[in-house]
Amino acid sequence: MQIFSQDVVFKKYSKGQALYDQGDKRDKFYFLIDGIIRTERFDENGEFNYYEYVNKNHGFPYRGLFHDREYSYTARAMTKITIAVFSMSTIEIILRQNNAMMELVIQEMGQIISQNEDQLQNMVTSSASDRVRHALEIFGYRLGQKDENGQIHVDYPVTLIELAQVSATTRETASAVVSELIADHKIAYVHKKITFLN
């Protein structure tokens, strides 16, 4: 895979920096070595938003492979990140020539689609409290690490404002649900870090 080694560039980004914006030319593929990325998609009025998270050891964007000319969402560093950057055309050439890699990408895309369908199904509810609970599950599933006691730790600092944004509700509602889950000993929330206790 000499073409890979010739094409790759390693970069570091600070928290809050955008790698690309929705509508930018889709010319790079990224592999996240360390940190967390949040992808943000807005409708044409800038009103409806959809958030997704990418954890380390994952590539992106898969959406639009072989087809789209523009990125369909914004990618933003939510922590300090280290990434490998490839030319999108190089990735697409390699996938066309390597059936094993194409199969891995199709499997990854299938998992992403399945997760997104589950997320949409769970988040399309009139109950704001349920949306907050589902958003917490998403953080745990996408970004959590299980310890030897079976507890899941999310090392990414999730603010109540971000939790409210992901849940499409208010900060007050997010805070009330988190307080209830803490009181029920279902989660711990210390210094914005979530631990799922059971």
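Computed values, structure above
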{"read-out": "Qualifying residue in the stretch 83-99 (condition: at pLDDT 90 or above and within 16 Å of the chain's Cα centre (by Cα))", "value": "yes"}
{"read-out": "Meets criteria (of a type in the set (A, V, I, L, M) and open to solvent by 40 Å² or more (accessible area, probe 1.4 Å)) for Ile37", "value": "no"}
{"read-out": "Qualifying residue in the stretch 154-169 (condition: β-branched (Val, Ile, Thr), in a strand (DSSP E or B) and either touching a helix residue (DSSP H, G or I) at 6+ places or on another chain (Cβ under 7 Å) or at pLDDT below 85 (or both))", "value": "yes"}
{"read-out": "Flag if Glu52 is open to solvent by less than 20 Å² (accessible area, probe 1.4 Å) and within 22 Å of Thr159 (Cα to Cα)", "value": "no"}
{"read-out": "Breaking point among (1) over 17 Å from Ile36 (Cβ atoms); (2) assigned to a strand (DSSP E or B), for Ile91", "value": "(2)"}
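So that you can scan it fast, the table gives a plain yes or no per residue for (1) modelled with pLDDT of 85 or more; (2) part of a strand (DSSP E or B):
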site: Lys15; (1), (2): yes, no
site: Leu19; (1), (2): yes, yes
site: Phe31; (1), (2): yes, yes
site: Thr39; (1), (2): yes, yes
site: Asn45; (1), (2): no, no
site: Tyr53; (1), (2): yes, yes
site: Phe66; (1), (2): yes, no
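The values are calculated or read from the model by the stated rules, or taken from the named source; none is laboratory data. Bear in mind that the values here come from a model prediction, so they are computed numbers and not experimental data. Please note: Cβ atoms are built from the backbone with ideal geometry, for glycine as well, and neighbour counts cover all protein chains shown. Please note that ligands, DNA and RNA were not included when accessible areas were found on the heavy atoms of the full protein model with its side chains. Shrake-Rupley method; radii C 1.70, N 1.55, O 1.52, S 1.80 Å.
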